[in-house]
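Worksheet for the structure shown next.
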Amino acid sequence: MNRARRPVIAGNWKMNKTASEAAQFCRDLKARLGDPLPSAPEVILFPPFTALPAVAHEMNGSAVAWGGQNLHWEESGAFTGEISGRFLAELGCRHVLVGHSERRALFGETDETCGRKVAAAVRSDLVPVLCCGESPVERDAGYTLSIIQAQLDTALMGSAEIPVVVAYEPVWAIGTGRNATPEQAQEVHAFIRQWLAGRFSPAFGAAARVLYGGSVKPDNVADLMAQPDVDGALVGGASLDLDSFVKLVRVPSA
Ligand code: PGA
């Protein structure tokens, strides 16, 4: 972690928590966090769409932000079941996840659709949190960095400097309990930062926040965040439980 970049702890709830469960979690979270410390990380919750109004209601005026887990690349139209950036922005979202590996693996998202979604997010004044990561086969074959490069090349193609956050989430570490070692994370994070510096500018690369995701827990977050290019965590399973999420939020400023 580099103190010049504000760390981020983001909770990706995936398809968990109804609106009322989310509201209760938020009330409990506010009570447990108290007044935020000046050095506290930026905290972002990514609830399911149906819980966004409840989270917005509970967290309005707090230091905790919220965002969508996905968006469509068009603003409106005949796209049954889809949600656009405008809808998220109206609910007070400032961020949106793009290209999570579950969306790529289970719902057919490609680097091309990610690129369209990144552009759509920016048009709606949302910060895209672009997820990238290699499969176990790709890692074992030594293709990790070239896969990451291809994912970034396509998803950020044609974009001028935009307020993007990149989340490195090795597919083999998501929900498996097998997280990347701090050294494995650092190698890829440094590569992503270098890519951003080359694609946009050295200043952009130096300021951009690159999060790690994949089986982050209270007992491994400090070692991961001690790496110079790891600026925070995108947390799935451990963000659903109040105790572990509170611990995760407290660790970076400890
Ligand atoms: P996990 O999920 O923390 O449960 O591994 C991370 C993610 O999918 O964003």
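The values are calculated or read from the model by the stated rules, or taken from the named source; none is laboratory data. These numbers were taken from a predicted model, which means no experiment stands behind them. Cβ atoms come from the backbone with ideal geometry, glycine included; neighbour counts cover every protein chain shown. Side chains are part of the model used for accessible areas, which takes the heavy atoms of the whole protein and leaves out ligands, DNA and RNA. Shrake-Rupley method; radii C 1.70, N 1.55, O 1.52, S 1.80 Å.
A quick yes/no check of all residues on (1) open to solvent by 50 Å² or more (accessible area, probe 1.4 Å); (2) more than 14 Å from the ligand (Cβ to nearest atom); (3) at pLDDT below 95:
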| residue | (1), (2), (3) |
| --- | --- |
| Ala206 | yes, yes, no |
| Tyr212 | no, no, no |
| Lys217 | yes, no, no |
| Val230 | no, yes, no |
| Ala233 | no, no, no |
| Gly237 | yes, no, no |
| Ser253 | no, yes, yes |
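Taking the conditions exactly as written (out of contact with any Pro (no Cβ under 7 Å at 6 or more places or on another chain) and not in a loop (DSSP other than H, G, I, E, B)), does Pro128 satisfy them or not?
yes
If I ask for residues that are open to solvent by 40 Å² or more (accessible area, probe 1.4 Å) and among the β-branched types (Val, Ile, Thr), which ones from the stretch 6-56 would you list?
Thr18, Thr50
Select, from Ala180, Ala222, the only residue that is open to solvent by less than 10 Å² (accessible area, probe 1.4 Å) and within 16 Å of the ligand (Cβ to nearest atom).
It is Ala180.
Looking at (1) more than 18 Å from the chain's Cα centre (by Cα); (2) open to solvent by less than 20 Å² (accessible area, probe 1.4 Å); (3) of a type outside the set (S, T, N, Q), find the lone condition where Leu156 falls short.
All conditions are met except number (1).
Within the stretch 135-186, which residues are within 28 Å of Ala121 (Cα to Cα), assigned to a helix (DSSP H, G or I) and acidic (Asp, Glu)?
The one that is within 28 Å of Ala121 (Cα to Cα), assigned to a helix (DSSP H, G or I) and acidic (Asp, Glu): Asp153.
If a residue must be among the hydrophobic types (A, V, I, L, M, F, W, C) and either open to solvent by less than 10 Å² (accessible area, probe 1.4 Å) or within 30 Å of Asn16 (Cα to Cα) (or both), how many such residues does the stretch 183-203 contain?
4
Would you tally the residues in the stretch 170-215 being touching an Asp or Glu at 6+ places or on another chain (Cβ under 7 Å) and of a type in the set (A, V, I, L, M)?
Going through the stretch 170-215 one residue at a time, the tally reaches 4.
Go through (1) within 15 Å of the ligand (Cβ to nearest atom); (2) part of a helix (DSSP H, G or I) and name the single condition Ala197 misses.
For Ala197, the exception is condition (1).
So is Leu248 within 12 Å of the ligand (Cβ to nearest atom), closer than 24 Å to Ala51 by Cα, part of a strand (DSSP E or B) and of a type in the set (A, V, I, L, M) or not?
Here the answer is no, as Leu248 does not meet what is asked.
Residues Val129, Val171, Val118, Val164: which one is in contact with a Leu (Cβ under 7 Å, 6 or more places away or on another chain) and within 16 Å of the ligand (Cβ to nearest atom)?
Testing whether each residue is in contact with a Leu (Cβ under 7 Å, 6 or more places away or on another chain) and within 16 Å of the ligand (Cβ to nearest atom) leaves just Val129.
Suppose we keep only residues that are buried (at least 19 other Cβ atoms within 10 Å of the Cβ), without any contact (Cβ under 8 Å) to a residue 60 or more places away in the chain and touching a strand residue (DSSP E or B) at 6+ places or on another chain (Cβ under 7 Å) within the stretch 86-119. Which one would you say is nearest to Ala23 (Cα to Cα)?
By that ranking, first place goes to Cys93.
Listed residues Val210, Val188, Val165; which is in contact (Cβ under 8 Å) with a residue 60 or more places away in the chain and aliphatic (A, V, I, L, M)?
Val165
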